[in-house]
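Shown next, in structure tokens, is the structure this report addresses.
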Amino acid sequence: MKRLIFPLLTAALLWFLMFNPWLTLPLDFWTMMTLSGCILLMMALLIDPRWFADIEISWKGFFTGIALALVLWGIFWVGDKVATWMFPFARPQVDTIYSMKESQSEWVIGLLLLFIIGPAEEIFWRGFIQRSLSKRFTANVGFVATLLVYGLVHLWKFNFMLIMAAFVCGLVWGLAYRLWPKQLFALIVSHAIWDALVFVVWPI
């Protein structure tokens, strides 16, 4: 457990710096997000490089990842309609999330999400954190604990819709990793594609 405490505290600090509305950083959100992803990825590589054993690169995994990303996008599309109907604050909070795109070109955002941010987050949260917790305790404990932490680090934005989005994504990717731990490659693809879809290609 000791080797997980520092990475988790680092992730919490990085998300605090990125999302806290009371702080003004010299770097724009997407630069900070990219740096955060790289930091977490390097920590996963240095502390437990054995996560790479869970990556089986294949066309099947590639297309599975794309399919999962499309399904998740559909879940969010339906969820947005339901939330907008039920809660007056839902759409304004979603628009606040999308306003973060204003600081950078959509092409740059898309490339960062596809090739750095999405893969780095999935390797850290599922390939490193959930994998380590599952081996230390049980697969169910690893899944639930990672889901809770992944959702709660987004708390600093004080945006209910963002927190719920993080929990839904964490639930889908975490459950998939719980059931198929050798399909990390598919989850990396899914995370990267979904990020690009929901932020750049087909915003909800």
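What the table below lists for this structure:
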read-out: Residue match in region 62-78 (condition: modelled with pLDDT under 95 and either over 18 Å from the mean Cα position of the chain (by Cα) or of a type in the set (Asp, Glu) (or both)); value: no
read-out: Residue match in region 25-36 (condition: touching a helix residue (DSSP H, G or I) at 6+ places or on another chain (Cβ under 9 Å), more than 24 Å from residue 93 (Cα to Cα) and assigned to a helix (DSSP H, G or I)); value: yes
read-out: Count of region 1-24 residues which are under 23 Å from residue 127 (Cβ atoms) and not in a helix (DSSP H, G or I); value: 1
read-out: Residues of region 11-27 satisfying the condition of being more than 18 Å from residue 118 (Cα to Cα) and surrounded by 12 or more Cβ atoms within 10 Å (Cβ to Cβ); value: 13, 16, 17, 20, 27
read-out: Test: residue in region 121-138 that is in a helix (DSSP H, G or I) and within 17 Å of residue 67 (Cα to Cα); value: yes
read-out: Some residue of region 105-117 being within 12 Å of residue 198 (Cβ to Cβ) and either over 20 Å from the mean Cα position of the chain (by Cα) or hydrophobic (A, V, I, L, M, F, W, C) (or both); value: yes
read-out: From the options 94, 78, 82, residue that is closer than 22 Å to residue 162 by Cα and buried (at least 17 other Cβ atoms within 10 Å of the Cβ); value: 94
read-out: Considering residues of region 63-75 that are crowded, with 19+ Cβ neighbours inside 10 Å and of a type in the set (Gly, Ala, Ser) only, the residue farthest from residue 164 (Cα to Cα); value: 65
read-out: Region 32-51: number of residues that are in contact with a Leu (Cβ under 9 Å, 6 or more places away or on another chain) and either without any contact (Cβ under 8 Å) to a residue 24 or more places away in the chain or under 22 Å from residue 162 (Cβ atoms) (or both); value: 8
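The values are calculated or read from the model by the stated rules, or taken from the named source; none is laboratory data. Remember, predicted model here, so these are calculated numbers, not experimental data. Every residue, glycine among them, receives a Cβ derived from its backbone with ideal geometry; neighbour counts consider all protein chains shown.
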